[in-house]
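**Student:** First the structure, then my questions, so here it is.
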Amino acid sequence: MVQIIQLMDKLTVNFCGVEFKNPLVLPSGIYAAANAYLKAYENGASGITFKSLTVHKREGNPPPRVWKNEYNVINSVGLVNSGIAKGAGEIALFKKDHREIPLIASVYATRFSEFSLMVEKLVPASPDLIELNLSCPNVDDEFGKPLGMEKGAAGKIVGEVKKLSGKIPLLAKLSPNVNDIADIAKSCEGAGADGIVAINTVGPGMMIDIYKKKPVLGTKKGGVSGPGILPVAVRCVYEIFEAVKIPIIGMGGVLKWQDIVEMILAGATLVGVGSATYYKGMKVFDELNAGLTKYLADNSISELDDLIGAAHR
Ligand SMILES: Cc1cc2nc3c(=O)[nH]c(=O)nc-3n(C[C@H](O)[C@H](O)[C@H](O)COP(=O)(O)O)c2cc1C
């Protein structure tokens, strides 16, 4: 028992000054309710990301909005959320009741002024970290291209918001659907980002129901996540690690403990586990932590830090 506790202790991670009991966090939008966030934590996630908020309440896209096959999940949720005013209140309440759970708040906008307005409202709610979602692919038709597809705009948002976020570390969440994700990460770092989150969904993609002979999603196209995107995510994290010094939350396609090890070797300090919960349930967090712990022991690795970015050495 003592040995297991010592081994589990090795999983502790400090990310931007926030202590996480292990490297696995719940990414934004996979769930959007306090009881699901708590369940993820109780099942071994070390921190949770709230659903991305927009300035105004959003009803989202027409259903079906989420679909999965053996390899991938596709979604076009379209940022359903209660808007920043109510959302910030929910974050404040969650943080008051669960001070021990590291909480990442997430915001999405396509106007600079909206990002600033939302971050101003978030700061009093005291999330541990603030994520700027610069990369949602499911609202393009409505908003145009996300600002984070281009390094100048991405850096400008980070710079503007950094003036308002005070002591709360600021993360930039990036899209893989660009020519040079590392260049965008570098621009965010230069503008004051404290960390990078990569990746958001790949695509847009499409799945077709072969019996109905129609696209499965109400919007036809959507963002792709789940096991099939892992190599894209690992490549993105690898390239970002080469380009920046700030820490990375790597995510995209993680399903097995081996995938966590790959992400960390590529350069991730924390790893997001999202779609995997649709395949394996919330117990996946404990399963992955156990696999990671055993890998460290079997390979005589005493510190998780020794593994971060080791594929570059
Ligand atoms: C149903 C669904 C909703 C999502 N909503 C958001 C969101 O609101 N904000 C965001 O930044 N990412 C959102 N994402 C992307 C995830 O946070 C994550 O980046 C992506 O799913 C890759 O990780 P995974 O393969 O482990 O799921 C969503 C993903 C899914 C499947």
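The values are calculated or read from the model by the stated rules, or taken from the named source; none is laboratory data. For clarity, every value in this text was computed on a predicted model and none was experimentally measured. Heads up, the Cβs are rebuilt from the backbone with ideal geometry, glycines too, and the neighbour counts pull from every protein chain shown. Protein only, heavy atoms only, side chains kept; ligands, DNA and RNA dropped before computing areas. Shrake-Rupley method; radii C 1.70, N 1.55, O 1.52, S 1.80 Å.
**Student:** Has segment 189-202 got at least one residue that is surrounded by fewer than 24 Cβ atoms within 10 Å (Cβ to Cβ), assigned to a helix (DSSP H, G or I), more than 16 Å from the ligand (Cβ to nearest atom) and aliphatic (A, V, I, L, M)?
**Tutor:** No: segment 189-202 contains no residue that is surrounded by fewer than 24 Cβ atoms within 10 Å (Cβ to Cβ), assigned to a helix (DSSP H, G or I), more than 16 Å from the ligand (Cβ to nearest atom) and aliphatic (A, V, I, L, M).
**Student:** I'm checking my understanding of the structure. Among residues of segment 54-102 that are in contact with an Asp or Glu (Cβ under 9 Å, 6 or more places away or on another chain) and hydroxyl-bearing (Ser, Thr, Tyr), which one is farthest from the ligand (Cβ to nearest atom)?
**Tutor:** Taking the candidates together, the pick is 82.
**Student:** Could you tell me how many of the residues in segment 33-53 are under 22 Å from residue 262 (Cβ atoms) and within 10 Å of the ligand (Cβ to nearest atom)?
**Tutor:** The qualifying residues number 1.
**Student:** Select from segment 244-301 the residues that are crowded, with 19+ Cβ neighbours inside 10 Å, in contact with a helix residue (DSSP H, G or I) (Cβ under 7 Å, 6 or more places away or on another chain) and small (Gly, Ala, Ser) and list them in ascending order.
**Tutor:** 250, 252, 253, 266, 267, 268, 276
**Student:** Still on this structure, I have one more. Does residue 290 satisfy being closer than 24 Å to residue 47 by Cα, over 17 Å from the mean Cα position of the chain (by Cα) and modelled with pLDDT of 95 or more? Walk me through it before giving the result.
**Tutor:** Numbers: closer than 24 Å to residue 47 by Cα: yes; over 17 Å from the mean Cα position of the chain (by Cα): yes; modelled with pLDDT of 95 or more: yes.
Here the answer is yes, as residue 290 does meet what is asked.
**Student:** Tell me which residues, restricted to segment 223-264, are in a helix (DSSP H, G or I) and among the β-branched types (Val, Ile, Thr).
**Tutor:** Quick first cut of segment 223-264, residues in a helix (DSSP H, G or I) only: 227-243, 257-264.
Residues satisfying the conditions are 229, 232, 234, 237, 240, 260, 261, 264.
**Student:** If I ask for residues that are farther than 14 Å from residue 127 by Cα, away from the ligand (no atom under 11 Å from the Cβ) and either assigned to a loop (DSSP other than H, G, I, E, B) or open to solvent by 20 Å² or more (accessible area, probe 1.4 Å) (or both), which ones from segment 12-32 would you list?
**Tutor:** 12, 14, 21, 22, 23
**Student:** Looking only at helices (runs of 4 or more DSSP H) that lie completely in segment 68-168, which have at least 2 residues being of a type outside the set (Phe, Trp, Tyr) and within 30 Å of residue 255 (Cα to Cα)?
**Tutor:** Working: elements: 84-97, 112-122, 140-143, 151-162.
So the answer is 84-97.
**Student:** Can you name the residue in segment 130-152 that is closer than 22 Å to residue 168 by Cα and modelled with pLDDT of 85 or more and, of all such residues, is farthest from the ligand (Cβ to nearest atom)?
**Tutor:** Top of the filtered list is 130.
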